[in-house]
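J.: Here it is, the structure in full.
Laboratory data are not the source of any read-out in this text; all were calculated from the coordinates shown. What you see is a predicted model; the values in this text were computed from it and never measured. Counting neighbours? That spans all protein chains shown, and the Cβs are built from the backbone with ideal geometry, glycine included.
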Amino acid sequence: MYLCDVLEQFVNHINQHRLCRKDDKILLAVSGGIDSMVMLDLFLSAKFMIGVAHCNFQLRGPESDHDEVFVKTICEARGIPFFSTRFNTPGYASLNRLSIQMAARELRYAWFNELLEQERYTVLATAHHLNDSIETVLLNWVHGGASDGLLGIPVRNRNIIRPLLFASRKDIEKYAHEKNLAWREDASNQTDDYPRNFVRHQVIPKLQALNPALEETFRQGLEKLKAGQALQRLAVDQLTQEFFADNPPNVIIRKELFQKISDPLMLWYLLRNYHFTPAVCEDMVQAISSQPGKQFFSPTHRLVMDRSTLIITPHENFWNPVEITPAQTSAALGPWDMTITSFSGRDIPADPDIAVLDKDLLEFPLVWRPWKPGDFFYPLGMEHRKKVSDFLIDSKVPLSDKPHVTVLESAGQIIWVAGYRIDNRFKVTPATKQALQFTLHLHFV
């Protein structure tokens with residue numbers, strides 16, 4: 001009876017959130033662990049069209065290879081299309097100054113996206129479950145996440161679906177045992193070296209001691225938070241309609257708004273699209289009764305306090321593309337200045353605001369511009385291309401920061417996502433004869 005219940009909940013969860021249809025081709029990310037093996041079994045039992053993708057990160061020696069063989073054998077026995085790849089994860093992490101976990105995340109999602117496109121799969125399914133969502137909320141809380149980060153793992157993120165979010169870890173373990181499923185154990189999950197493992201082993205059990213029904217309580221709490229966020233959006237829309245007026249290119253805000261709100265963070269939430277920081281919003285609230293003419297700056301906009309209104313104006317020509325000639329030693333775009341110098345050192349700086357590139361591979365004039373949808377590049381350490389939008393998501397760049405991310409181009413090819421990652425094709429190698437150093441400086445605070 002329990003097995004039927006889980007399968008029914010699985011199908012209901014998929015249908016309720018419209019994650020996929022029976023005629024979709026669904027790619028499953030299967031590591032061989034208990035979570036992904038349960039997901040695989042449920043998709044098979046529900047008779048969906050599936051394929052399996054397995055990443056070998058080569059982090060555990062022969063054990064990683066055994067995981068790959070295990071998943072491949074299961075797929076071959078059941079006639080499931082199987083795809084696998086191997087990554088030099090430590091080398092990639094070192095080259096790009098990333099943690100092992102972040103490096104593995106970047107590598108796997110770049111490959112998954114390629115596979116989805118090449119093999120014409122509709123969506124990618126991952127085996128995240130309710131306890132993963134609880135851990136994510138707690139980690140986001142510890143690191144000061146805003147409201148969006150406290151809602152747990154989204155059930156869908158573009159073409160990535162999470163069909164197990166309805167189930168707790170206990171549900172998954174019980175299902176696996178009752179169906180006598182085979183899976184592989186990852187010894188690294190037992191250590192507390194990673195923040196998520198620490199939360200899982202040290203924090204969650206103590207919370208469960210206080211509340212044995214923690215998972216269900218948390219699930220209900222997340223649903224309430226999501227409802228609260230929906231109401232929050234309605235409130236923001238109402239305040240915007242009542243007190244904001246478009247007067248292109250300006251936005252006019254009536255000061256009566258401050259009779260409704262007085263908390264700087266509430267103002268920040270309303271002004272997030274204009275990229276003013278919470279600290280600047282606090283200064284605005286304190287200055288609301290001051291003499292007209294006081295100005296505040298964000299990377300993209302200026303706010304001027306008039307007698308009865310606040311006037312938000314975009315910086316003129318702020319984001320117009322800039323050409324850089326071979327003779328130039330500096331340029332400016334948006335809130336950024338860039339200096340260009342010859343590089344003759346041995347060690348390339350680790351600062352992400354510095355890019356050192358092979359000069360002979362560059363074609364001038366270079367173009368420095370804001371990134372745009374559809375942009376792609378080959379991140380340092382990767383041999384395959386990645387959309388800039390996906391790179392920013394994987395790098396966890398806040399939504400408020402994305403509008404002022406810029407790229408540097410040579411002959412239409414992105415050579416640097418400025419402040420984040422250079423393109424692998426333009427890196428310095430032992431064959432490099434001349435190198436240029438590009439350095440970013442922020443001139444608006």
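J.: Under 10 °C and 1.306 mPa s, how fast does region 240-314 diffuse according to Stokes-Einstein, given a Kirkwood radius computed over C-alpha pairs? Answer in µm²/s, whole number. Numbers along the way, then the final one.
T.: On the way: Rh = 12.1 Å.
Using the Kirkwood radius from Cα pairs, D works out to 131 µm²/s.
J.: Let me ask another. If the viscosity is 1.567 mPa s and the temperature 4 °C, what translational diffusion coefficient in µm²/s does Stokes-Einstein give for region 125-188 when Rh comes from Kirkwood over Cα pairs?
T.: Values: Rh = 13.2 Å.
The estimated diffusion coefficient comes to 98 µm²/s.
J.: For the chain, what is the relative contact order in percent, using Cα pairs closer than 8 Å and at least 6 residues apart in sequence?
T.: Working: 667 pairs, mean separation 52.4, N = 445.
Averaging sequence separation for qualifying contacts and normalising by length gives 12 percent for the chain.
J.: Sorting 305, 266 on the 10 Å Cβ count, fewest up front, what's the list?
T.: Values: 305 21, 266 17.
If I rank by nearby Cβ atoms, fewest first, I get 266, 305.
J.: So what J values fall out for region 207-213 if you push phi through Karplus, 6.51 cos²θ - 1.76 cosθ + 1.60 with θ = phi - 60°, rounded to Hz, Gly and Pro as x?
T.: Karplus-based 3J(HN,Hα) across region 207-213 equals 5, 5, 5, 6, 9, x, 9 Hz.
J.: What is the Cα radius of gyration of region 2-210 over 2.2 N^0.38 Å, N being its residue count?
T.: 1.01
J.: Sticking with this one: Excluding residue 409 itself, calculate the net charge of residues whose Cβ lies under 13 Å from the Cβ of residue 409, where each Lys or Arg counts +1 and each Asp or Glu counts -1. Walk me through the numbers before you get to the answer.
T.: Details: positive: 369, 372, 425; negative: 323, 363, 375, 423.
In short, -1.
J.: With N denoting the number of residues in the chain, provide Rg(C-alpha) divided by 2.2 N^0.38 Å, to two decimal places. It would help to have the intermediate numbers written out before the result.
T.: Working: Rg = 25.2 Å, N = 445, 2.2 N^0.38 = 22.3 Å.
Cα Rg divided by the expected 2.2 N^0.38 Å: 1.13.
J.: Still on this structure, I have one more. Per residue of region 186-195, in order, report the coupling 6.51 cos²θ - 1.76 cosθ + 1.60 (Karplus, θ = phi - 60°) as ³J(HN,Hα) in whole Hz, putting x for Gly and Pro.
T.: These are the phi-based 3J(HN,Hα) values: 9, 4, 5, 5, 8, 8, 9, 5, 9, x Hz.
J.: Using a Debye calculation, one point per C-alpha and no hydration shell, please list log10 I(q)/I(0) for region 322-442 at q = 0.11, 0.13 Å⁻¹ in order.
T.: -0.33, -0.47
J.: Could you please report the charge total around residue 43, scoring K, R as +1 and D, E as -1 over all other residues with beta-carbon less than 15 angstrom from its beta-carbon? Don't skip to the end; give the middle numbers.
T.: Numbers: positive: 21, 22, 25, 47, 78, 162, 179; negative: 8, 23, 24, 35, 41.
Local charge sum for residue 43: +2.
J.: Kindly put 37, 49, 284 in sequence by how many other C-beta atoms sit within 10 Å of each C-beta, fewest to most.
T.: Values: 37 23, 49 16, 284 19.
Ascending number of Cβ neighbours within 10 Å: 49, 284, 37.
J.: Same structure, new question: Once both axes come from the Cα atoms, what is the angle between helix 130-142 and the longest principal axis of the chain, in degrees from 0 to 90, rounded to 10?
T.: 30
J.: Sticking with this one: Sequence-distant or interchain residues sharing an amide H contact under 5 Å with residue 51, placed H: which?
T.: Close amide H contacts, sequence-distant or interchain: 26, 27, 28.
J.: Quick one: among 43, 377, 258, which has the greatest mean-square fluctuation in a GNM of the chain with alpha-carbon springs under 10 angstrom?
T.: Ranking 43, 377, 258 by mean-square fluctuation puts 258 first.
J.: Exposure proxy check: 169, 200 ranked by fewest other beta carbons within 10 Å?
T.: Values: 169 17, 200 20.
Ascending Cβ contact count within 10 Å gives the list 169, 200.
J.: Give the separation of the Cα centroids, region 266-318 to region 45-109, in Å.
T.: 48
J.: Right, next: How large is the helix-only mean residue ellipticity at 222 nm for the chain, computed as the sum of -39500 (n - 2.57) over DSSP H runs with n ≥ 4, divided by its residue count, in deg cm²/dmol to the nearest 500?
T.: Result for the chain, helices only: -11500 deg cm²/dmol.
J.: Can I ask one more? Antiparallel as a % of all DSSP beta bridges within the chain, to the nearest 5?
T.: Of all bridge pairs located within the chain, approximately 75 percent are antiparallel.
J.: With a Förster radius of 41 Å, plug the Cβ-Cβ distance of residue 17 and residue 351 into 1/(1 + (r/R0)^6) and report the FRET value to the nearest 0.05. Don't jump to the answer; show the numbers that get you there.
T.: On the way: r = 42 Å, r/R0 = 1.02.
Plugging the Cβ-Cβ distance into 1/(1 + (r/R0)^6) gives 0.45.
J.: Springs between alpha-carbon atoms under 10 Å, Gaussian network over the chain: tell me which of 424, 273, 211 tops the mean-square fluctuations.
T.: Fluctuation is largest for 211.
J.: Quote the relative contact order of region 2-210 in percent (integer), defining contacts as alpha-carbon pairs under 8 Å separated by 6+ residues.
T.: Working: 276 pairs, mean separation 52.0, N = 209.
Computed over region 2-210, the figure is 25 percent.
J.: Using only Cα positions of region 94-213, each an equal point scatterer, no hydration layer, compute I(q)/I(0) via Debye at q = 0.11 Å⁻¹ and quote the log10 values to two decimals.
T.: -0.48
J.: Most fluctuating residue of 405, 251, 137 in a GNM of the chain with Cα springs under 10 Å: which is it?
T.: Result: 251 has the largest fluctuation of those listed.
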